[in-house]
1. Taking the Cα of A:Glu62, stepping 7 Å toward and past its beta carbon, and measuring to each backbone N in segment B:28-45: which are under 18 Å?
2. Could you give the C-alpha radius of gyration of chain A expressed as a fraction of 2.2 N^0.38 Å, taking N as the number of residues it contains?
3. I need to check one value: relative contact order of chain B, counting alpha carbon pairs closer than 8 Å and at least 6 residues apart, in percent.
4. Chain B: which residue's Cβ hugs the B-to-A rotation axis most tightly, distance rounded to whole Å?
5. Going by alpha carbons, how many degrees (0 to 90, nearest 10) lie between the helix axis of A:18-29 and the longest principal axis of chain A?
6. Lys and Arg at +1, Asp and Glu at -1: add these up for the other residues within a Cβ distance under 14 Å of B:Ala63 and post the number.
7. Highest GNM mean-square fluctuation, chain B, Cα pairs closer than 10 Å: which of B:Glu49, B:Glu62, B:Glu14?
8. Kindly express, to the nearest 10 degrees and within the range 0 to 90, the angle between helix A:53-63's C-alpha long axis and the longest C-alpha principal axis of chain A.
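The values are calculated or read from the model by the stated rules, or taken from the named source; none is laboratory data. Computed from a prediction, not measured in an experiment: that's the story for all the values here. Here Cβ is always computed from backbone atoms with ideal geometry, including for glycine, and neighbour counts include all displayed protein chains. For accessibility, only protein heavy atoms count, side chains too; no ligands or nucleic acids. Shrake-Rupley method; radii C 1.70, N 1.55, O 1.52, S 1.80 Å.
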2 protein chains.
Amino acid sequence: MKYTAHIKVMPLKELLDPQGKAVNSSLHNLGLTGVNDVRIGKHIALSIEANSKEDATQMATEACKKLLANPVMEAFEVTVAEG
Amino acid sequence: MKYTAHIKVMPLKELLDPQGKAVNSSLHNLGLTGVNDVRIGKHIALSIEANSKEDATQMATEACKKLLANPVMEAFEVTVAEG
């Protein structure tokens, strides 16, 4: 079966996000003053061939732990859908 | 009212994603051979102060068009939630 895993990797709340701060300032300069805080992370889409949704979720989580996320600075969320 | 906008910015399907290809190869080298395709984009979280959900959505969309996404290479999706 074919599954698509969507992975959100975001900087931990406790840490500064300098890229987000820069974008926040730029948005203010563009007149979007209603924006208070910006945090920027990664969105990763994996196409996975697996026997079950559980297998696909496990594979995606392993990919995060081994390669995609740095647990010292980032938190990740995995959601898996069929197709 | 306070809203949080989650923005997903992904490379267009028609275009190559060299970063995704590199990650795909790395995942295969790590033994995760069930992964067929990888696409990598950005996830941006905005805290927005606005009068209504519609206002917040409009502000986030404007932020994408003016700064966060490059329409030549990227597509974006905005979802807004309260709080």
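1. B:28-38
2. For chain A, the normalised Cα radius of gyration is 1.37.
3. 52
4. Here the value is B:His43, 2.
5. Tilt of helix A:18-29: around 50 degrees.
6. In short, -1.
7. Taking springs between Cα atoms under 10 Å, the residue moving most is B:Glu14.
8. Taking Cα atoms only, the helix is inclined about 50 degrees.
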